[in-house]
Amino acid sequence: MSGRGGPGALRRWLPLATLTGALSGLAAAAFAELLHLGNELLLRGIGGHEVPGLAGEGGPAEAGGFPIPLLIPLLVAAGAFVATALVVWVAPETSGHGTDAAIHAAHHDPTGMRARVPAVKMLASAVLIGSGGSGGSEGPTAQITAALASVVARRSRLTYEQARITVAMGLAAGVGAIFRSPLGGALLGAELLYRADVAAGVVVPALLASAVSFLVFGLFHGFEPIFGTVAGTGWDHPAQWLVVPLLGLLAGLLGRLYAWAFYATAGFFSSARMRRLPRVLRPTLAGLVVGAIGLAVPGVLGTGYGTAQRAFDAEAMLSTSVWLLLAIPLVKIVSTSLSVGSGGSGGIFGPGLVIGATAGAAVWRLLEPLGLAPGSPAPYVIIGMAACLGSIAHAPLALVVMAAETTGNLSLLFPAMLATGIACLVAGDRTLYRSQLRDRSEDPPAPGSALRGPAVVGPRAPASGPPAGRAPAPSGRRP
């Protein structure tokens, strides 16, 4: 997937990018509000538990208690049951984390995502996450806005290659908006399609669409970075730079573990033994376990973004048990693998940030008594976020930029780049997104043609489809 940049590309894509960006911003704003409403009505309203919030959203700094502890596992299970029933009966393609479906559509069926996908994905994800299921908001948003872009491409009768770029543009605009990271979102749209390549033709349209989407989203939810403007990111001693490779190594290992655990769990829930259970009961069973885990480690319930927010607070980290800090990244991996890998509708992108952030805070907590760490855990948290998810999503540049945009701080770009590069080496070819192709040589040909369409620049060997074992469920029938 490629194209040409410059003023000509700006003029060609401006109307379509504006429309796609506006729709994506509206959808992301609606989904964010629905997530908040789901949390208020379910986890807080019924369960009596309040999760810590984000600085950019004015949420509480600390988690609340459990007035009726046994209610939490039942609530998480009930939310998973309702969300899965909605998915199974209305739009089965909205099962899972969403980003893979968006990537698959961009590669193989860019005009085939059904118009019902956004509404079903919004409701199912809001119920699952709002009731305490462990999942992120960016994955569902990616599928929601990619589906809107697919409808736009279909109705506009775009060429196959233009439609592919439009779907990637929609994915980028949605994630950039809900994460309040327009530049990072645009870069993500270009990087996320391949494990070892970049879709250069996506960059200019995605920049336009992501900027419009961020503007529309901000009119409803504000423009402040989601983690606030993080201070205290200076380095007090040159020896602290020695920790950067350690953070990269740890982030890469955690990324590999996360991908392995997620797909091992998904494989277990799709095994012959588990298929004896009705489809809706599998996430329900997983919800019971996640709810029980949440009673011991409350930070794993819901998105976990508030847990990542607390990781920036030195006093909060010093007052937290070292063992608990070491456990949180691992427990978040387990809980997300259960909630989403069982077939629940939630994202795995956001939890990757939480895993990296809390791992960085744990390293800071271990080194702080030795005088080898800065006065604030913020540098380690920011670097951990970028390196963990950037490596396993194969989007290193996008995640470094996102880590800077979401914290309002550009001072850690170089150490974040270094740690993320090391993490990428450790993660290797393992990925969270099995619909990613290795590079553009694996791009499938346009329908009805053995060769690339005219929009593709440069000769490439055609591929008959995605690599064996890497394609998820089809993106769905046309309406």
Q: Just give me the residues in region 230-287 being among the β-branched types (V, I, T) and closer than 30 Å to F81 by Cβ, in sequence order.
A: T265, V280, T284
Q.
Which residue is least open to solvent (accessible area, probe 1.4 Å), if the candidates are limited to region 271-290 and must be touching a residue at least 40 places away in the same chain (Cβ under 8 Å) and assigned to a loop (DSSP other than H, G, I, E, B)?
A. V280
(Q) Suppose we filter G176, G184, G189 for residues that are closer than 16 Å to A101 by Cβ and assigned to a helix (DSSP H, G or I); which single one remains? (A) G189
Q | Members of region 209-234 found to be more than 16 Å from E57 (Cα to Cα) and open to solvent by 50 Å² or more (accessible area, probe 1.4 Å), listed by number | A | A211, L215, A231
Q | Which numbered condition V198 fails, given (1) among the aliphatic types (A, V, I, L, M); (2) open to solvent by 40 Å² or more (accessible area, probe 1.4 Å); (3) under 17 Å from the mean Cα position of the chain (by Cα) | A | (3)
(Q) Can you tell me which residue is nearest to G185 (Cα to Cα) among those in region 405-430 that are open to solvent by 10 Å² or more (accessible area, probe 1.4 Å) and within 17 Å of the chain's Cα centre (by Cα)? (A) E405
Q.
Would you confirm whether or not region 301-319 contains a residue that is open to solvent by less than 10 Å² (accessible area, probe 1.4 Å), polar (S, T, N, Q) and within 16 Å of the chain's Cα centre (by Cα)?
A. no
Q) Which ones in region 46-59 are within 21 Å of V354 (Cβ to Cβ) and either open to solvent by 50 Å² or more (accessible area, probe 1.4 Å) or in a helix (DSSP H, G or I) (or both)? A) E50, A55, G56, E57, G58
Q) When you scan region 128-145, how many residues do you find that are closer than 21 Å to F262 by Cα and β-branched (V, I, T)? A) 2
Q: Taking the residues in region 1-45 that are of a type in the set (A, V, I, L, M), under 19 Å from S156 (Cα atoms) and open to solvent by 10 Å² or more (accessible area, probe 1.4 Å) as candidates, determine which candidate is modelled with the lowest pLDDT.
A: L10
Q) Within region 131-143, is there a residue that is at pLDDT 95 or above, buried (at least 24 other Cβ atoms within 10 Å of the Cβ) and over 18 Å from the mean Cα position of the chain (by Cα)? A) yes
Q) P444: surrounded by fewer than 18 Cβ atoms within 10 Å (Cβ to Cβ) and not polar (S, T, N, Q), yes or no? A) yes
Q. Has region 343-365 got at least one residue that is of a type in the set (S, T, Y), more than 23 Å from M417 (Cβ to Cβ) and open to solvent by less than 10 Å² (accessible area, probe 1.4 Å)?
A. yes
Q) Are any residues in region 235-270 buried (at least 16 other Cβ atoms within 10 Å of the Cβ) and part of a loop (DSSP other than H, G, I, E, B), and if so, which ones? A) W235
(Q) So I293 passes all but one of these: (1) buried (at least 18 other Cβ atoms within 10 Å of the Cβ); (2) in a helix (DSSP H, G or I); (3) touching a residue at least 60 places away in the same chain (Cβ under 8 Å); (4) hydrophobic (A, V, I, L, M, F, W, C). Which condition number does it fail? (A) (3)
Q: Report yes if P73 is within 22 Å of T265 (Cα to Cα) and either in contact (Cβ under 8 Å) with a residue 40 or more places away in the chain or surrounded by fewer than 24 Cβ atoms within 10 Å (Cβ to Cβ) (or both), otherwise no.
A: yes
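The values are calculated or read from the model by the stated rules, or taken from the named source; none is laboratory data. Remember, it's a predicted structure, so these values are computed and weren't measured experimentally. Note that we place each Cβ from the backbone using ideal geometry, even for glycine, and neighbour counts take in every protein chain shown. Each accessible area value is taken on the protein alone, full model and side chains, heavy atoms only, with ligands, DNA and RNA left out. Shrake-Rupley method; radii C 1.70, N 1.55, O 1.52, S 1.80 Å.
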